[in-house]
Amino acid sequence: MTEKYLHYIWKNKRFPSIDVRLFDLQKATILNVGKYNENESGPDFKHGSIEIQDIILHGNIEMHVRSSDWYRHKHHLDDNYNNVILHVVYINDKQVIQNGVRLPTLELKNHIDERHFQKYMRKQLKENIFPCKHQINEIDPFHFNYMKIRALTDKLNEKVRALNDVGIKSKEEALYHLTGLSFGTSINKLPFNNLLHKVPYSEVRKLSTSKKHTVILSESGIIQQRPKESNSQKKGWHYKGTRPSNFPSIRVRQFALIAGKFDFETSLQTLSIEELKTTFSKMITDCWSGKLTIQKLSPSFINHLLINAIAPFLWFSGELDNNPLYQEKAMNLLSSIPAENNNVIKKWLNIEVEVSNAFDSQALLAMHRYYCCHKKCLSCAVGKKVLNRLL
């Protein structure tokens with residue numbers, strides 16, 4: 001069973017009746033399944049309504065395969081879930097209490113049409129967003145490589161524009177900002193961006209090491225400083241869709257430590273590729289010298305920083321100094337790092353596109369984002385070649 005399937009049947013009202021019996025045997029009527037929250041963080045369906053024992057409730061509806069996923073996803077720490085009126089699950093293995101209230105729970109285990117579920121899963125496997133998937137491997141690799149470079153250049157230029165938009169004008173500011181955003185990953189990039197605006201490098205550089213750490217933690221609003229402090233401080237940080245090692249409470253602590261100890265004025269851009277990787281990794285791991293309880297960064301996350309902070313930093317340095325060699329170094333750095341593994345890359349692998357390193361994965365992510373998702377085949381070198389073969 002998958003959450004996505006539960007979303008599908010709920011959105012399309014494929015359940016036995018609007019009149020249901022909750023897990024605690026109370027009778028309920030589903031008045032409105034709500035509006036599917038497909039892209040934003042927070043509950044899965046917003047503005048729903050149900051009636052329980054002649055009382056009509058209006059609010060949000062959350063769905064999980066197991067009810068215990070509520071706690072595993074840290075929803076109990078997120079005020080955005082205080083207005084959930086119904087918890088819809090495949091298996092109810094734990095009673096959920098949110099903000100002191102026992103959530104009404106609807107278990108669907110005995111109402112799922114197994115044949116429909118299997119048909120749905122087969123359909124999902126067949127769907128693919130790439131219109132050129134059947135001809136893509138017949139295209140000359142030259143055109144594919146050209147398109148990868150073009151898409152990746154677009155992505156790096158976009159990151160430089162974002163730095164310029166917030167008034168960043170020096171390499172050390174850029175390295176600090178890009179490193180902070182990388183700790184946010186895709187889910188918490190916005191709250192990390194807000195944190196970096198509150199504590200910019202121009203202010204951080206004036207503080208002592210211990211003060212830097214304290215100020216960043218305080219301004220983040222995610223770490224409670226007093227036992228009775230309100231949970232409302234945590235608003236804006238999202239646990240949904242993150243693994244425990246990537247929880248914002250952990251990433252903020254790690255970034256605060258690095259911000260306090262890392263030398264952002266080191267001239268990384270002048271080093272060779274291997275020197276850069278070795279020096280950067282050592283500078284990061286040296287931040288953990290001494291007896292610290294803060295979880296260390298994994299080698300894969302250090303690679304994540306090299307991909308999402310150092311490569312754009314080199315590209316920005318090339319723009320700032322009008323030195324294309326730095327931008328060439330950014331491409332070469334990505335070529336020396338293992339490829340990322342995520343859902344988009346898996347889609348490329350499914351149509352037998354080779355993904356050898358981070359240059360490939362970053363370029364393919366950019367192609368997917370800028371062209372494939374919007375079906376801009378006529379603007380894509382690969383798409384145009386495929387269309388020319390078909391006409």
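The values are calculated or read from the model by the stated rules, or taken from the named source; none is laboratory data. Not measured: the values here are computed from a predicted model. Here Cβ is always computed from backbone atoms with ideal geometry, including for glycine, and neighbour counts include all displayed protein chains. These accessible areas exclude ligands, DNA and RNA; they are computed on the full protein's heavy atoms, side chains included. Shrake-Rupley method; radii C 1.70, N 1.55, O 1.52, S 1.80 Å.
General observations
- Residue pairs meeting the criteria (Cβ under 8 Å; at least 6 apart or on separate chains; first under 11 Å from MET147 (Cα atoms), in region 376-389; second outside any helix (DSSP H, G or I)): VAL382/CYS132; VAL382/ILE139; GLY383/PRO131; GLY383/CYS132; GLY383/LYS376
- With respect to the conditions (1) within 20 Å of PHE117 (Cα to Cα); (2) within 26 Å of the chain's Cα centre (by Cα), LEU77 lacks only one, and its number is (1).
- Pair list, Cβ under 7 Å, 6 or more apart: region 157-182 residue farther than 14 Å from LEU314 by Cα, other residue of a type in the set (A, V, I, L, M) and surrounded by fewer than 23 Cβ atoms within 10 Å (Cβ to Cβ): SER182/LEU305; SER182/ALA309
- For region 328-342, the set of residues classified as without any contact (Cβ under 8 Å) to a residue 40 or more places away in the chain and more than 17 Å from SER300 (Cα to Cα) consists of GLU328 only.
- Residue, most open to solvent (accessible area, probe 1.4 Å), within region 36-47, restricted to residues that are part of a loop (DSSP other than H, G, I, E, B) and under 11 Å from HIS7 (Cα atoms): GLU38
- Taken together, the residues in region 161-179 that are closer than 11 Å to GLU265 by Cβ and over 23 Å from the mean Cα position of the chain (by Cα) amount to 4.
- Options ILE50, ILE55, ILE30: the member that is open to solvent by 60 Å² or more (accessible area, probe 1.4 Å) and more than 30 Å from ILE187 (Cα to Cα): ILE55
- Selection status of ASP93, open to solvent by 20 Å² or more (accessible area, probe 1.4 Å), under 22 Å from TYR239 (Cβ atoms) and modelled with pLDDT of 85 or more: yes
- Candidates PHE130, PHE117, PHE142: the one that is open to solvent by less than 30 Å² (accessible area, probe 1.4 Å) and either in a helix (DSSP H, G or I) or within 22 Å of LYS11 (Cα to Cα) (or both) is PHE117.
- Check on LEU365, assigned to a helix (DSSP H, G or I), of a type in the set (A, V, I, L, M) and modelled with pLDDT under 95: no
- Selection status of ILE18, out of contact with any helix residue (DSSP H, G or I) (no Cβ under 7 Å at 6 or more places or on another chain) and either of a type in the set (Asp, Glu) or open to solvent by less than 20 Å² (accessible area, probe 1.4 Å) (or both): no
- Subset tally (residues that are open to solvent by less than 50 Å² (accessible area, probe 1.4 Å) and more than 17 Å from LEU364 (Cα to Cα)) for region 154-170: 5
- Residue check, TYR371 touching a Cys at 6+ places or on another chain (Cβ under 6 Å), within 15 Å of THR153 (Cα to Cα) and surrounded by 13 or more Cβ atoms within 10 Å (Cβ to Cβ): yes
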